[in-house]
Amino acid sequence: MAQAQDLRQAITSVAGRQGPLLSMYLSVNADIPENQRRAYLLRLRDAMNDEGVPEELQRRVRDYTEEETHPGARTLAIFADEDDLFEIYRLQVDVPESFRWGDPYVAPLTLVLDEYEPYGAAVLDAERFRYFVVSPLSSAHGEEEMKANGFREVDVHPSETHPRGGGSTDLDPAGRKHQAHVHSFYKEVGELARDITFQEDVQRVILAGPKERTAEFRRTLPNDLRERVVAEEHVDLGAPEGELLDRLEAIRERAEHEREKELLDEIRERGVRGPDETIAALQEENRVYHLAALWELEAEIRWCDNDQLAIRQITSEECPFCGRKTRVRQLKDVLVDLATARGARLDFVMGEDENTDTLRDEFGGIAGLTRF
Ligand SMILES: [Zn+2]
């Protein structure tokens, strides 16, 4: 996936810079109530003041963000300094909001790249085929245009003329001929779809269209692509594109919800739960490889900057390991740092549904899958 590689390079170059520079992750997700009427602009202004970002740089960042009425992302990641650095990444993922003026802070970005699985959506009927991709980073590249919900359309050019007309039954000769056309059309676009899927590193594929068509298309798919299909949905291709993309996003979210549910079920069977047990397993025993944390988590925890370790005793103003002063941080931010350092995948679970209920009420807000 060229896009991810580009981003990894950017991360390395930002991380290697001498500060001070501004690293910020601003939540602009319109579905979050705190962001109504672009309230994030106020948070941005306050945070930059609190961090002591130089006036001139503050102005540049504000000009940029205020100009955008629809950021087309869930999170804006911005890295900027007083010289030539001004890089913006549009993330289709929620990450804990944070602002730092000083050393580069790229942990949330690396985490996003590792955790987020790009989705592909094949939309088709008997004669049309379109393929959309949504990935963690939504900057459109090349000639592709960024559409609603971070989807971009990948051009697919089948060599054959698309099958047209013909009867809908497969009994009369015309109908049968049409069927054969549709079949070879599907075979060809199926192979094209597979190429794109692998090129874009798409892990999970949605099929959408009239039910009998998606079923048929699925049967003709190459095995390695069929294995990645996570949803098959009836949608009307005649609908306006905005509606179609909203449907695809709803399907994607449901598939993600299912994936989270499976993760929580697995944790219930053989995982660790609650801040204390989970942090110990992650930090001290290094045996957590996949974490689930409640986005709404409000808990705080002590942290030693010197050791880069969470101090589980909340009253310990001095680090039990090195004796230096500890500070209180948001548990959510600490999880990002620890997960990055330990190579664990971290999924934030958002909203109000059975998954967040499970995570909050049964697992105490955070939980993880362990290797042993
Ligand atoms: Zn320490």
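The values are calculated or read from the model by the stated rules, or taken from the named source; none is laboratory data. No experiment lies behind these values; they were computed from the predicted model shown. All Cβ positions, glycine included, derive from the backbone under ideal geometry; neighbour counts span all protein chains shown. Surface areas here come from the heavy atoms of the whole protein model, side chains and all, with no ligands, DNA or RNA. Shrake-Rupley method; radii C 1.70, N 1.55, O 1.52, S 1.80 Å.
Which condition from (1) within 16 Å of the ligand (Cβ to nearest atom); (2) of a type in the set (A, V, I, L, M); (3) open to solvent by less than 40 Å² (accessible area, probe 1.4 Å) is the one that I314 breaks?
(3)
Are any residues in the stretch 317-327 touching a strand residue (DSSP E or B) at 6+ places or on another chain (Cβ under 9 Å) and either more than 16 Å from the ligand (Cβ to nearest atom) or open to solvent by less than 70 Å² (accessible area, probe 1.4 Å) (or both), and if so, which ones?
C319, C322, T326 - these are the residues of the stretch 317-327 that are touching a strand residue (DSSP E or B) at 6+ places or on another chain (Cβ under 9 Å) and either more than 16 Å from the ligand (Cβ to nearest atom) or open to solvent by less than 70 Å² (accessible area, probe 1.4 Å) (or both).
Does the stretch 260-309 hold any residues that are assigned to a helix (DSSP H, G or I), open to solvent by less than 50 Å² (accessible area, probe 1.4 Å) and either away from the ligand (no atom under 16 Å from the Cβ) or touching a His at 6+ places or on another chain (Cβ under 6 Å) (or both), and which are they?
Result: E260, L263, L264, I267, T278, A280, A281, L282.
Against the condition within 17 Å of G274 (Cβ to Cβ), open to solvent by less than 20 Å² (accessible area, probe 1.4 Å) and at pLDDT below 90, how does V349 come out, does it pass?
In short, yes.
When the residues of the stretch 328-346 are filtered to those that are within 14 Å of G368 (Cβ to Cβ) and open to solvent by 30 Å² or more (accessible area, probe 1.4 Å), which remaining residue is nearest to the ligand (Cβ to nearest atom)?
Among residues in the stretch 328-346 that are within 14 Å of G368 (Cβ to Cβ) and open to solvent by 30 Å² or more (accessible area, probe 1.4 Å), the one nearest to the ligand (Cβ to nearest atom) is R342.
Can you confirm whether the stretch 338-353 contains a residue that is on the phi > 0 side of the Ramachandran plot, in a loop (DSSP other than H, G, I, E, B) and either hydrophobic (A, V, I, L, M, F, W, C) or touching a strand residue (DSSP E or B) at 6+ places or on another chain (Cβ under 8 Å) (or both)?
Yes, that holds for at least one residue.
Considering only the stretch 79-121, state which residues are among the polar types (S, T, N, Q) and assigned to a loop (DSSP other than H, G, I, E, B).
Correct list: Q92 only.
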